Amino acid sequence: AVDLRWLAARPIIKKPKLITPEFKYLRTKDEIRRFLLAAQDEDEGVYELYATAIYAGMRAGENLGLQWQDVDLRRRLITVQRSYNSTTKTDRVRYVPILDPLLPLLKEWKLRCPSKTWVFPSKVDTMQQPSARVLQETLHRVRAVACIDERITFHDLRHSFASHWMMNGGDIYRLQRVLGHRSIVMTERYSHLSPTAFSADYAILGVDGLDCPKRVGDVIKLSKQ
């Protein structure tokens, strides 16, 4: 507008600050249990997909792009190297540990899985896409059956993984590598959930010899009865 001489001078405008909303997640182990129990009543593979999302923390496309050749049950490692029609979001291959709750589940699912290629295949043995019902309608139905009040999305299962990792004393730098964050700043959103997050700070403003003021109270005569 200034270049076209519609304005005499360039106005100074302060950019509004965006408030990042608090992320949503399954907050307790009981909520996770109820959610996964409700998922068992859905089509085959739904329970296994949701459990993998919760216990491995991968993005939706990374879960649906997972192939059995990427899952090393002996070494307990998942190689994350694709998502939908491309590589991962950060264009990097990373490795995710198969935690104790997930190991027996994946072993059992590999024996029953209808596909020898895809871990979570479509009904025609192809890779599922972002419009897949399992990421949307099915998840909302499972949430309702499990009586989860918070309206979580599939990506919130990834938040659940990261949150419980920190709440159980996990290392934040290892979490960064597992989640595939380029910057630790992204991972630090979960740091306040650590049980020791502020333990070293409780006495930081302590003053030696500071006593609480003594207050003289009224004397009340008690009845002999």
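The values are calculated or read from the model by the stated rules, or taken from the named source; none is laboratory data. This is a predicted model, so every value here is computed, not measured. All Cβ positions, glycine included, derive from the backbone under ideal geometry; neighbour counts span all protein chains shown. For accessibility, only protein heavy atoms count, side chains too; no ligands or nucleic acids. Shrake-Rupley method; radii C 1.70, N 1.55, O 1.52, S 1.80 Å.
Could you pull out the GluC sites (Glu not before Pro) across region 6-47 that fall in loop regions by DSSP (anything but H, G, I, E, B) with no more than 16 other Cβ atoms inside 10 Å?
Qualifying residues, ordered by number: Glu22, Glu44.
In the chain, what percentage of the DSSP-assigned beta bridges are antiparallel, given to the nearest 5?
Here the antiparallel bridges make up roughly 100 percent for the chain.
Relative contact order (percent) for the chain, with alpha-carbon contacts under 8 angstrom and 6 or more residues of separation?
Relative contact order of the chain: 21 percent.
Under 16 Å from the Cα of Lys15, which aspartates and glutamates turn up, not counting those fewer than eight places away in the same chain?
Partners within reach: none.
Cα axis of helix 155-167 to longest principal axis of the chain: angle in degrees, 0 to 90, nearest 10?
50
I'd like the orientation of helix 103-112 relative to the chain: the angle between its Cα long axis and the longest Cα principal axis, in ° from 0 to 90, rounded to 10.
Here the helix axis deviates by roughly 30 degrees.
Keeping every protein chain in place, order Thr87, Thr79, Thr52, Thr20 by accessible area at 1.4 Å, biggest value first, i.e. largest first.
So, going from the largest accessible area down, we get Thr20, Thr87, Thr79, Thr52.
Tell me, how many Å apart are the Cα centres for region 113-152 and for region 1-35?
Each part reduced to its Cα centre gives a spacing of 29 Å.
What FRET efficiency do you get for Tyr173 and Asp3 if R0 is 45 Å and r is their Cβ-Cβ distance, rounded to the nearest 0.05?
0.40
Per the 1.4 Å probe, what fraction of the accessible area of the chain, in percent, lies on carbon and sulfur atoms?
55
Kindly write out, for region 113-124 in residue order, the coupling ³J(HN,Hα) from the Karplus curve 6.51 cos²θ - 1.76 cosθ + 1.60 (θ = phi - 60°), rounded to whole Hz, with x marking Gly and Pro.
4, x, 10, 8, 10, 8, 6, 10, x, 6, 5, 10
Accessible area per residue of the chain at 1.4 Å probe, in Å²?
Spelled out: the 1.4 Å probe surface of the chain, per residue, equals 69 Å².
What angle, in degrees between 0 and 90 and rounded to the nearest 10, separates the Cα long axis of helix 29-39 from the longest principal axis of the Cα atoms of the chain?
The helix 29-39 is inclined about 30 degrees to the chain.
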